[in-house]
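Input: a single structure, listed below in structure tokens.
The values are calculated or read from the model by the stated rules, or taken from the named source; none is laboratory data. Predicted, not measured: the structure shown is a model, and the values here were computed from it. Cβ coordinates were reconstructed from backbone atoms using ideal geometry, including for glycine residues, and neighbour counts include every protein chain displayed. Heads up: the accessible areas ignore ligands, DNA and RNA and are worked out on the full protein's heavy atoms, side chains in. Shrake-Rupley method; radii C 1.70, N 1.55, O 1.52, S 1.80 Å.
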Amino acid sequence: MNRIYLDNAATTAVAPEVLEVMLPYFTECFGNPSSIHSTGRDARRAIDAARKQVAAAINCQPNEVYFTAGGSESDNWAIKGAALARKNKGNHIITSSIEHHAVLHTCQWLEKQGFEVTYLPVDADGQVSVADVEKAITDKTILITIMAANNEIGTIQPIAEIGKLAKSKGVLFHTDAVQAVGAIPIDVAAIGCDMLSLSGHKFHGPKGVGALYIRKGLRLEHLIEGGAQERGQRAGTENLASIVGLGKAIELAAANLEANAARMTALRDKLIEGIMARIPDVKLNGHRTNRLPNNVNVSVRYVEGEALLLRLDLAGVAGSSGSACTSGSLDPSHVLLAIGLPHEIAHGSLRLTLGNETTEADIDYVLDKLPGIVSDLRAMSVLNEFTTTVGGTCPIKTVE
């Protein structure tokens with residue numbers, strides 16, 4: 001059976017060109033970048049080249065790019081580092097209710113340290129209101145952190161407007177752009193952000209490596225102590241091969257951004273329109289047009305998302321569900337609840353995210369298989385108020 005991979009928001013395959021440039025740094029070019037001998041200097045030059053590649057892709061200076069272990073570390077460093085460095089100026093942080101847990105859990109940790117956090121609501125499309133951000137700012141506000149695009153429903157946020165507002169109020173602005181970099185144009189100068197997080201494995205680079213843009217002159221508290229790496233800001237011997245891979249991946253993504261976005265938008269729209277036309281009682285989650293080019297997220301009434309996901313997997317299609325059953329939680333996605341979906345509908349959500357390898361034939365196959373899978377699963381339910389259990393873990397309530 002041919003496998004169709006439509007879970008690119010979770011991770012992407014490493015591009016062949018990326019793997020090719022990485023391989024020598026596991027073998028003959030293995031030096032420690034901090035060593036002063038020629039092998040170490042070669043490694044240092046490779047990291048410097050990758051830093052320039054990242055900087056070119058997001059329009060900043062190379063010395064404003066710091067390599068990390070991924071998006072979660074970048075988010076933690078930006079938020080904790082900014083809050084702790086500015087705690088004498090204020091203790092208030094503004095974020096949204098649909099951020100990635102790397103942001104939400106970090107904000108919750110800071111609350112335990114005495115900081116105050118405002119979690120802004122979003123509208124039914126999952127969009128933050130700039131007016132709400134402005135209303136939330138107080139004389140104690142030191143940081144605003146709003147994601148560039150949502151990882152679940154794909155809605156793109158008005159971060160340039162928020163960046164302009166933050167600057168006018170003298171408040172730092174961080175954006176989690178992990179899902180956005182490589183998918184839509186990201187220009188830190190145009191956004192006006194002070195910090196930006198990105199992760200290599202979201203745009204066909206390796207896992208375990210990311211970067212944090214920190215505006216020149218901005219001081220953050222260190223997240224990791226122990227060495228002078230990353231210009232004394234982030235201790236630890238650099239992940240050399242992966243940093244080289246990240247540089248190549250972001251260079252490729254930037255070079256092909258317009259063409260890839262146009263192709264995936266067309267496939268995305270075909271998938272959305274096909275699902276809505278062929279399957280009744282389906283709701284599209286997220287903004288219809290102001291969304292990531294590769295993101296499709298739908299809620300299918302009368303069907304539990306995990307069952308839908310497993311049946312698709314048996315049919316050779318890899319996707320993800322809005323249900324949190326596999327995490328041991330009985331609650332569906334916090335993002336879907338935040339946009340106003342009731343639990344029973346949020347539990348029936350399916351996210352399909354396209355990648356560079358996705359073809360029109362893949363979309364046709366999904367549109368051929370998905371209606372029958374939904375019909376079969378609905379036939380197993382009684383279409384009135386009824387509660388059952390899938391796999392003994394996740395309660396499902398079907399509705400009229």
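Worth a mention:
- Here each label is just a point 7 Å from Cα along the line to Cβ, and for residue 273 and residue 289 those points are 1.4 nm apart.
- For residue 317, nonlocal amide neighbours, meaning residues 5 or more places apart or on other chains whose placed amide H falls under 5 Å from its own, are 4.
- Largest-first ordering by accessible area, 1.4 Å probe, given options 204, 334: 334, 204
- Taking all protein chains as shown and a probe of 1.4 angstrom, residue 216 keeps an accessible surface of around 140 Å².
- With the convex hull drawn over the C-alpha atoms of region 27-95, the volume per residue is 137 Å³.
- Antiparallel bridges, percent of DSSP beta bridges restricted to the chain (to nearest 5): 60
- Approximate shape of region 143-205 as ellipsoid semi-axes (Cα gyration tensor, √5λ), whole Å, largest first: 21, 11, 10
- Taking the chain and dividing mean pair separation by its residue count, relative contact order in percent (alpha carbons under 8 Å, at least six apart): 20
- Computed over protein heavy atoms with a 1.4 Å probe, the accessible surface of region 164-290 works out to 41 Å² per residue.
- Projected label points at residue 28 and residue 111, each 7 Å from Cα along the beta carbon direction, are separated by 5.5 nanometres.
- Taking the helices alone, the chain has a mean residue ellipticity at 222 nm of -12000 deg cm²/dmol, built from -39,500 (n - 2.57) per DSSP H run of at least 4 residues and averaged over all its residues.
- The chain: angle of helix 71-85 to the longest principal axis, Cα-based, in degrees nearest 10: 60
- Fraction of accessible area attributable to carbon and sulfur, the chain (%, probe 1.4 Å): 53
- Average Cα contact separation per residue, region 181-312, under 8 Å, 6 or more apart, as relative contact order %: 21
- Tilt relative to the chain, helix 360-379 - C-alpha long axis, 0 to 90 degrees, to 10: 50
- Surface listing: 109, 77 arranged by accessible area from highest to lowest gives 109, 77, probe 1.4 Å.
- Protection-proxy order for peptides 145-153, 286-294, 11-19, 272-280, each taking the mean of Cβ atoms within 10 Å per residue, highest first: 145-153, 286-294, 11-19, 272-280
- Gain upon complete extension [residue 255, residue 135; 0.36 nm per residue less C-alpha separation]: 39.3 nm
- Cα-based helix-to-principal-axis angle, 305-314 vs the chain, degrees rounded to 10: 90
- Taking Cα centre as origin and charging only the Cβ of basic (Lys, Arg, +1) and acidic (Asp, Glu, -1) residues, the dipole magnitude of region 102-147 rounds to 200 debye.
- With the whole protein complex present, residue 362 retains an accessible surface near 30 Å², based on a 1.4 Å probe.
- Proximal charge balance of residue 319 [Cβ under 9 Å; K/R count +1, D/E count -1]: -1
- 19 Å Cα-Cα reach of residue 140 towards lysines, excluding residues that sit fewer than 8 places from it in its own chain: 80, 87, 89, 112, 164, 167, 169
- Remark: the Cα gyration tensor places region 195-351 in the prolate category, a/c being 1.5 or greater and a/b exceeding b/c.
- Debye log10 I(q)/I(0) for the chain, one point scatterer per Cα, at q = 0.06, 0.07 Å⁻¹: -0.25, -0.34
- For residue 118, the residues whose modelled amide H falls within less than 5 Å of its own, excluding neighbours fewer than 5 places apart on the same chain, are 93, 94, 95.
- Separation of the residue 36 and residue 119 label points, Cα + 7 Å toward Cβ, nm: 5.2
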